[in-house]
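Comments concern the structure below.
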Amino acid sequence: MSTTIDKPAIAGGIPIKSEPYGSGNRYAEDEIRELKEALDQSTLFYTQGKKVHSMEEKIAEITGTKYAIATSSGTASIHTALMAAGISPDDEVIVTPITDMGSLVPILWQQAVPVFADVNPDSCALDPKSVEKCITDKTRAILAVHLWGNACDLDALKPICDKHGLFLIEDCAQAWGCTYKGKSIGSIGDMGCFSLNEFKHISCGDGGAVVTNDDNLARRLRLSTDKCYNREPGGSMRQAFFLANNYRMTELQGAVALAQTGKLARIVARRRAFAEKLQEGLTNVKGISIPKPTEGCDPSWWFYMFRIDPDILGVDADQFAQALQAEGIGAGAHYIAQCVYEYPIFVNHSAYDHGDHPFSRINYGKGMCPQAEFALETALTLPVNENFTDKDAEETIKAIRRLSDWFISSK
Ligand SMILES: Cc1ncc(COP(=O)(O)O)c(C=O)c1O
């Protein structure tokens, strides 16, 4: 082994991260002002106050869509979209196996059947060729998850939907501010579903929104968040005609989310600047594959997902992540430990305590999507945040370079 190689922290060297990551308080004066105004209305119900509706208008403006409908979470947003699309028992919805359960739970609640298409391992976005192979006469929708703030190949997915008469529903939970060919994501499919949970680009603790340009879908979306009660003036309040949930947002969440929408552009710009530094600094590092955004996409970088080559480095993703953590870098291995279809709920068909669910007709388990499995096995994630500094980026790059050199020289 060469003696000139810089010793990493796992081998007794000094950790590279010399001070904590940049941080900041995400809720401040703007949120307090909006909250006070909400309370001063003397109602926290969305039809009687102004905050939820103002927030909806702002989200429609940001995404360039005609309508935005507030919901109580990202999961609720996707469920609301599926209800609005009329997804019914035994219908099939094509989805990626690399996502949060929030993408899957709504499909199962509708008694519909998730069908997993494979991904492009460089971006983890749905592979349109694999999607096409999944289509049957039961397919009703594609749920395109824009993972880590990077868009799916919407130009390829849209014609597939048009050809087969499918809904294109965008899961934008991780991708606030992301654009695809100059347009906001969420505005390209039939509906776009956003999350406002604590960990997203903008937040109100928990909440969400669905955007659409379609008048009829907008009407059904609103009904789907409110027990199918039509609260429009002259509407048929207690004449529910399809199964809908209570996914309403309160004025308190609306107030905080409204203040947060004003911060989105800056948050996304700063995340982009940080991630672009990593992209530059990690290009051509031996054994490291940097993420490749989908062509035409300007990602908004919810996190930074890169892959390692264990054959070159002689270590696996877990070992590399541990070595980075020892350097003080907030790395994690894999994003999720395994593809969603390997979770017990799918393998054992255990959605409900008893009775049959239409998804029981599919044998879920390892081997379904080889590219997704390969991507997860070799993937690491790094945090991205609008408060991170240039020094945070430099130290991250330095630590990854140090480890690449060390592991290669130790083989
Ligand atoms: C891709 C994706 N879809 C849906 C969700 C669900 O959002 P929520 O936690 O707001 O229900 C998440 C949350 O992490 C997500 O990352």
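Can you list the residues, at least 5 places off or on another chain, whose amide H is less than 5 Å from the amide H of VAL115, using H built in the peptide plane?
Those lying under 5 Å, H to H, from VAL115 are VAL93, ILE94, VAL95.
If you average the alpha carbon positions of region 357-387 and of region 195-252, how far apart do those two centres end up, in angstrom?
29 Å
Using only the Cα atoms of region 1-117, build the gyration tensor, take square roots of its eigenvalues as a ≥ b ≥ c, and label the shape rounded, prolate or oblate: rounded if a/c is under 1.5, else prolate if a/b is larger than b/c, else oblate.
Oblate.
By its C-alpha gyration tensor, with a ≥ b ≥ c as the square roots of the eigenvalues, how is region 254-411 shaped: rounded for a/c under 1.5, else prolate for a/b larger than b/c, else oblate?
Oblate, because a/c is 1.5 or more while a/b does not exceed b/c.
According to a simple spin-label model (label point 7 Å from Cα along Cα-to-Cβ), what is the distance in nm between ASP390 and ASP137?
A separation of 6.3 nm, rounded to one decimal place.
For ASP90 and GLU232, what is the calculated FRET efficiency with R₀ set at 25 Å and r taken between the beta-carbons, to the nearest 0.05?
0.15
How large is ³J(HN,Hα), in whole Hz, for each residue of region 120-133 in order, when computed from phi with the Karplus curve 6.51 cos²θ - 1.76 cosθ + 1.60 and θ = phi - 60°, using x for Gly and Pro?
Taking θ as phi minus 60°, the curve returns 7, x, 7, 10, 6, 8, 3, 8, x, 5, 5, 4, 4, 5 Hz for region 120-133.
For THR389, enumerate residues with amide H under 5 Å from its amide H, sequence gap 5+ or separate chain, H modeled in the peptide plane.
Amide H neighbours of THR389, under 5 Å, 5+ apart: GLY22.
Would you pull out the residues with amide H under 5 Å of VAL145's amide H, same chain only if 5 or more places away, H placed 1.01 Å from N?
Those qualifying (amide H under 5 Å, at least 5 residues apart or on another chain) are THR96, LEU126, ASP171.
Among the GluC sites (Glu not before Pro) in region 277-363, which ones are in a DSSP loop with at most 15 other Cβ atoms within 10 Å of the Cβ? Mind listing them?
GLU295
Spin-label point model (7 Å from Cα, Cβ direction): what's the SER350 to LEU39 distance in nm?
4.4 nm
Among the listed pairs LYS50/LYS227; LYS51/LYS158; LYS66/LYS133, which have their C-alpha atoms separated by more than 29 angstrom in this model?
Going by Cα-Cα distance, LYS51/LYS158; LYS66/LYS133 fall outside the 29 Å limit.
Restricting to region 29-263, compute how many DSSP beta bridges are antiparallel as a %, nearest 5.
That works out to approximately 45 percent antiparallel.
Would you please report the Å³ per residue occupied by the convex hull of the alpha carbon atoms in the chain?
Dividing the Cα hull volume of the chain by its residue count gives 146 Å³.
Highest first, please rank the peptides 372-383, 10-21, 264-275 by the mean number of other Cβ atoms sitting within 10 Å of their residues.
Most protected by this proxy first, the peptides run 372-383, 264-275, 10-21.
Only bridges whose two residues both fall in the chain count here: according to DSSP, what percent of them are antiparallel, nearest 5?
Among the beta bridges of the chain, antiparallel pairing accounts for roughly 60 percent.
With a ≥ b ≥ c taken as the square roots of the eigenvalues of the C-alpha gyration tensor of region 95-196, please select rounded if a/c is under 1.5 and otherwise prolate if a/b is larger than b/c or oblate if it is not?
rounded
How would you rank TRP406, TRP176, going from fewest to most other Cβ atoms within 10 Å of each one's own Cβ?
Fewest to most other Cβ atoms nearby, the residues stand as TRP406, TRP176.
Between LYS183 and ALA11, what FRET efficiency comes out of the Förster formula 1/(1 + (r/R0)^6) with R0 = 56 Å and r the beta carbon distance, rounded to 0.05? Walk me through the numbers on the way to the answer.
Values: r = 49 Å, r/R0 = 0.87.
The pair ALA11/LYS183 has a calculated efficiency of 0.70.
Bear in mind that the values in this text are calculations on the coordinates, not laboratory data. Keep in mind that what you see is a predicted model, and the values were worked out from it rather than measured. Cβ atoms come from the backbone with ideal geometry, glycine included; neighbour counts cover every protein chain shown.
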